[in-house]
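Visitor: Encoded as structure tokens, here's the structure I'll be asking about.
The values are calculated or read from the model by the stated rules, or taken from the named source; none is laboratory data. Owing to the predicted nature of the structure, the values given are computational and were not obtained by experimental measurement. Cβ placement follows ideal geometry from the backbone for every residue including glycine, while neighbour counts extend to all protein chains displayed.
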Amino acid sequence: MSHPLPDFRCRSCGAAGARLILDLGTQPLANNLLREEDLARPEPRFPLRLVVCPACWLLQIADDVPPVQLFSEYLYFSSFSDTMLRHAQSAAERYCREFQLGPQNLVIEIASNDGYLLKNFVAAGVPCLGIEPAANIARVAVEKGIPTLVEFFGLALARRLAQEGRQADVILGNNVFAHAPDTNDFVAGLKHLLKPGGRVILEFPYGVEFLQNTEFDTIYHEHVYYFTLTALQPLFARHGLKMVDVERLPIHGGSLRLFAAHAGSLRPAPSVAARLEEEARLGLTTLAPYEAFAARVRRLKEELTALLARLKAEGRTVAAYGASAKGSTLLNYFGLGREHLDFIADRSTYKQGRLSPGLHLPIVPPEELLRRRPDYTLLLTWNFAEEILQQQAAYRAAGGRFILPIPEVRIV
Ligand code: ZN
């Protein structure tokens, strides 16, 4: 059963009485990969608890971590995933066509990373501006010719850009909305930055798929919200915006692409009401689906730890693939360290040679899978399973097998 959390107020509506759904204990920062020399210092750890607000039903993390600590050296470069690059290109082409974007328009992307999405607008001759708080990543975008401000997005920045006459026809935000702790400030910023007839297009992991597929490993300190339309409707309304269309996307274990506009400016597509009705049918304004999710997480923990213990007892070797944030949550919550796993393979050269948060597993290039041939490899980046299984065809042909942990434990 879930317990009320007395000292917490909902980050959206301000209501008290949030219910604790899942306590993941004290976790290291999921993107804070370490070097050998970092081991001499204590590693920062913070509580990680998922709660739901019983007034607006927003699923959220209860505990705060200072943003500087989170973003000072952010190692996720979007351009490293083929799937993400293709997704970005087709989205950009579609928006240029559908909204007839040209030299007279402005596209602004929040958390523009290394410019993997905006470069497609630059190529199409559409003026654009990136906003990216991580200086080392913004520099990569600027070097590619994509104008980028090194700042956190919020109401203050939106007001300043609007005063400079830099309001946007299209505001894009991929995998940033759920990561911005002050969600009222973020949405107020969208309202101020948007031209009268403009559109906001946000992509974020969908709370319903998070619950249904037991994607508890997407819980980490940076990922503050697990949005449903039920919870977003009052948040947008509070700031004079309205949801006008919604699409489901397969990426990141199931995401939403949400279109919003100034309230009263556009007639909403039927997709919005349909999705809200579906969420009502799933009982998202009751505690039951949240508590059922937590029970499934506990069962998954028992199953996976039992499987790995059995493989070890049989003398099998086991490694992991994907030094991702979700991998950190899963390994730390399940307590899977060097006694269970020999190493983590990862394609990113920025991660190789470092140690995983909390459990300090060494991160090595993917070629090590074929060289060292662990009998089993736990696929922590299961959201890219298709791509990774293809890349690792030689390892699998040599007898290597992958363990998929989510939504249920499966060996392929
Ligand atoms: Zn609330």
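Visitor: Which pairs do you get when a residue that is closer than 15 Å to P405 by Cβ, found in the range 209-233, comes within reach of a residue that is small (G, A, S) and at pLDDT 95 or above, reach meaning Cβ atoms under 9 angstrom, with the pair 6+ apart or on two chains?
Guide: Qualifying pairs under 9 Å: F216/A294; D217/G327; D217/S328.
Visitor: From the residues in the range 55-100 that are in contact with a Ser or Thr (Cβ under 6 Å, 6 or more places away or on another chain) and either acidic (D, E) or under 25 Å from R139 (Cβ atoms) (or both), which one is modelled with the lowest pLDDT?
Guide: Looking at residues that are in contact with a Ser or Thr (Cβ under 6 Å, 6 or more places away or on another chain) and either acidic (D, E) or under 25 Å from R139 (Cβ atoms) (or both), I get F80.
Visitor: Tell me which residues, restricted to the range 297-319, are in contact with a His (Cβ under 9 Å, 6 or more places away or on another chain) and within 20 Å of Q392 (Cα to Cα).
Guide: Hit for the range 297-319 is V318, nothing else.
Visitor: What residue, among those in the range 42-54 that are among the aliphatic types (A, V, I, L, M) and within 16 Å of the ligand (Cβ to nearest atom), is nearest to L22 (Cα to Cα)?
Guide: Among those that are among the aliphatic types (A, V, I, L, M) and within 16 Å of the ligand (Cβ to nearest atom), it is L50.
Visitor: Go through the range 107-142 and give me each residue that's surrounded by fewer than 21 Cβ atoms within 10 Å (Cβ to Cβ) and at pLDDT 95 or above.
Guide: Across the range 107-142, the qualifying residues are V122, A123, A124, G125, P127, L129, V142.
Visitor: Can you pull out the residues in the range 219-275 that are within 16 Å of the ligand (Cβ to nearest atom) and of a type in the set (A, V, I, L, M)?
Guide: Within the range 219-275, V224, L229, A231, L232, L235, A237 qualify.
Visitor: Tally up the residues in the range 1-19 that are touching a Phe, Trp or Tyr at 6+ places or on another chain (Cβ under 9 Å) and of a type in the set (D, E, K, R), please.
Guide: Adding up the residues that qualify gives 2.
Visitor: Further, regarding this structure: Name the residues in the range 1-10 that are surrounded by fewer than 21 Cβ atoms within 10 Å (Cβ to Cβ) and within 16 Å of the ligand (Cβ to nearest atom), would you?
Guide: Matches in the range 1-10: S2, P4, L5, P6, D7, F8, R9.
Visitor: I need every pair where a residue in the range 342-369 that is under 21 Å from R396 (Cβ atoms) has its Cβ under 8 Å from the Cβ of a residue that is surrounded by fewer than 18 Cβ atoms within 10 Å (Cβ to Cβ) and hydrophobic (A, V, I, L, M, F, W, C), sequence separation at least 6 or different chains.
Guide: Final answer for the pair search is R347/F80.
Visitor: Note down all Cβ pairs under 6 Å where the first residue falls in the range 1-30 and is on the phi > 0 side of the Ramachandran plot, the second is within 14 Å of the ligand (Cβ to nearest atom), and they're at least six residues apart or on different chains.
Guide: That search, which allows pairs on different chains as well, returns G17/P4; G17/P54.
Visitor: Could you tell me which numbered condition I344 fails, if it satisfies all but one of (1) in contact with a strand residue (DSSP E or B) (Cβ under 6 Å, 6 or more places away or on another chain); (2) within 28 Å of V140 (Cα to Cα); (3) surrounded by fewer than 22 Cβ atoms within 10 Å (Cβ to Cβ)?
Guide: (3)
Visitor: Taking the range 55-67 only, how many residues are within 24 Å of K301 (Cα to Cα) and more than 14 Å from the ligand (Cβ to nearest atom)?
Guide: Of the residues in the range 55-67, 1 are within 24 Å of K301 (Cα to Cα) and more than 14 Å from the ligand (Cβ to nearest atom).
Visitor: Can you name the residue in the range 11-41 that is assigned to a loop (DSSP other than H, G, I, E, B) and within 16 Å of the ligand (Cβ to nearest atom) and, of all such residues, is surrounded by the fewest Cβ atoms within 10 Å (Cβ to Cβ)?
Guide: Among those that are assigned to a loop (DSSP other than H, G, I, E, B) and within 16 Å of the ligand (Cβ to nearest atom), it is G14.
Visitor: I've got another one for you. Is there any pair with a first residue in the range 40-59 that is of a type in the set (F, W, Y) and a second that is in a strand (DSSP E or B) and more than 14 Å from the ligand (Cβ to nearest atom) whose Cβ atoms are under 9 Å apart and which are 6 or more apart or on different chains, and what are they?
Guide: F46/T26; F46/Q27; F46/P28
Visitor: Let me ask something else. What number goes with the only condition from (1) on the phi > 0 side of the Ramachandran plot; (2) out of contact with any strand residue (DSSP E or B) (no Cβ under 8 Å at 6 or more places or on another chain) that A280 does not pass?
Guide: Of everything listed in (1) on the phi > 0 side of the Ramachandran plot; (2) out of contact with any strand residue (DSSP E or B) (no Cβ under 8 Å at 6 or more places or on another chain), A280 misses just condition (1).
Visitor: Scan the range 242-263 for residues that are modelled with pLDDT of 95 or more and among the β-branched types (V, I, T) and jot them down.
Guide: V244, V246
Visitor: Of the numbered conditions (1) in contact (Cβ under 8 Å) with a residue 24 or more places away in the chain; (2) closer than 22 Å to Q60 by Cα; (3) surrounded by fewer than 14 Cβ atoms within 10 Å (Cβ to Cβ), G283 satisfies every one except a single condition; which is it?
Guide: Condition (1) is where G283 drops out.
Visitor: Which pairs turn up if I take residues in the range 314-339 that are farther than 24 Å from F46 by Cα and look for partners that are modelled with pLDDT of 95 or more and surrounded by fewer than 15 Cβ atoms within 10 Å (Cβ to Cβ) with beta carbon separation below 7 Å, at least 6 apart in sequence or on another chain?
Guide: R316/D375; T317/D375; V318/D375
Visitor: Among the listed residues Q352, Q392, which satisfies the condition of being within 30 Å of Q212 (Cα to Cα) and either not β-branched (V, I, T) or not assigned by TED's automatic domain parsing to the domain that holds K312 (or both)?
Guide: Only one candidate qualifies: Q392.
Visitor: Which residue pairs have Cβ atoms closer than 8 Å, lie 6 or more positions apart in sequence or on different chains, and pair a first residue in the range 144-167 that is of a type in the set (S, T, N, Q) with a second residue that is assigned to a loop (DSSP other than H, G, I, E, B) and surrounded by 19 or more Cβ atoms within 10 Å (Cβ to Cβ)?
Guide: T148/S112; T148/G115; T148/E132; Q167/L106
Visitor: Take the residues in the range 16-40 that are of a type in the set (D, E, K, R) and at pLDDT 95 or above, then tell me which one is nearest to D217 (Cα to Cα).
Guide: The extreme case among them is D23.
Visitor: Moving on to the next point. Condition (residue is in contact (Cβ under 8 Å) with a residue 60 or more places away in the chain and closer than 20 Å to L22 by Cβ) applied to the range 385-402: is it met by at least one residue?
Guide: So far as the range 385-402 goes, no, none of its residues is in contact (Cβ under 8 Å) with a residue 60 or more places away in the chain and closer than 20 Å to L22 by Cβ.
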